Amino acid sequence: MTKLLEADLYEPIRKHFTKQGYRVNGEVHDCDLTAVKDDELIIVELKLLLNIDLLLQATRRLRLTDMVYIAIPKPKRMSRKRWNDVIHLVKRLEIGLIIVSFAGNRKSVEFKVHPEPFDRKSGKNRRKKAALIKEIEGRSADYNIGGSNKSKIMTAYKENCIQIACYLERLGQLSPKALAALGTGEKTPSILQKNYYKWFERVERGIYVISDQGKADLKDYPELVAYYSANLEQPGQ
């Protein structure tokens, strides 16, 4: 198979704009492709891969015109999530995206995104933002190191489980209602029933104790055990 070159993207895009009545030129003042009609100037930057160099190149062209496109060959493999992220980034930069497909001798051009102002309000995901804030508020302190994605992460859910296990270890058998009254939260019944970490045992209906597994695992979280033990010792607990 013949190796694909950036120059191979030029001809199908040139033909497209020529059919639309534009005057098309290649390599003008470092611009890969320019298309002019009346007072409208379109600039297209060509690359075999969508990378930071291409995006930087495109944003520099925005100093010349609002109508800037980047053009790449159709990706062979890309997850839907990754592709959606690419589309979002391109829209946020207010540039266009052209995909060129090659099937034998046939070449086709597809405009995935057109340059237009980005609506920052519509770009916000309120549900995910609310979930993020809830997770932050559910953590008593910062027990994770940013960037250490291969290590075990302390989540609000896990911290809640540690809190319940700590109270059971200190106070003995308790009901979900009694634990919630101590401040373990509305998820207490669900956490005890699901018993994701195998830290709890039901001794009778509605009554739980900490398991041997729970006692052993609590030793891995001395800071949180100390924090929640101190909570129990505060007046009003």
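The values are calculated or read from the model by the stated rules, or taken from the named source; none is laboratory data. On a predicted model such as this, the values are computed, not experimentally measured, just so you know. So basically every Cβ, Gly included, is an ideal-geometry build from the backbone, and we count neighbours across all protein chains shown.
Across segment 83-126, the qualifying residues are those that are small (Gly, Ala, Ser) and either touching a Lys or Arg at 6+ places or on another chain (Cβ under 8 Å) or under 23 Å from PRO12 (Cα atoms) (or both), and the one among them that is modelled with the highest pLDDT is GLY96. Selection of segment 1-29 for residues being surrounded by 11 or more Cβ atoms within 10 Å (Cβ to Cβ) and of a type in the set (Val, Ile, Thr) yields ILE13, THR18, VAL24, VAL28. Do the conditions hold for GLY183, that is, is it within 22 Å of SER140 (Cβ to Cβ) and either at pLDDT below 95 or among the hydroxyl-bearing types (Ser, Thr, Tyr) (or both)? For GLY183, the condition - within 22 Å of SER140 (Cβ to Cβ) and either at pLDDT below 95 or among the hydroxyl-bearing types (Ser, Thr, Tyr) (or both) - is met.
Scanning segment 197-214 for residues that are more than 18 Å from SER175 (Cα to Cα) and either of a type in the set (Asp, Glu) or touching a residue at least 24 places away in the same chain (Cβ under 8 Å) (or both) gives TYR197, ASP212. For LYS215, all conditions in the list (1) in a loop (DSSP other than H, G, I, E, B); (2) farther than 23 Å from ILE136 by Cβ; (3) charged (D, E, K, R) hold save one; what is the number of the exception? LYS215 satisfies all of (1) in a loop (DSSP other than H, G, I, E, B); (2) farther than 23 Å from ILE136 by Cβ; (3) charged (D, E, K, R) except (1). Scanning segment 1-29 for residues that are without any contact (Cβ under 8 Å) to a residue 60 or more places away in the chain, part of a loop (DSSP other than H, G, I, E, B) and of a type outside the set (D, E, K, R) returns MET1, THR2, LEU5, GLN20, GLY21, TYR22, HIS29.
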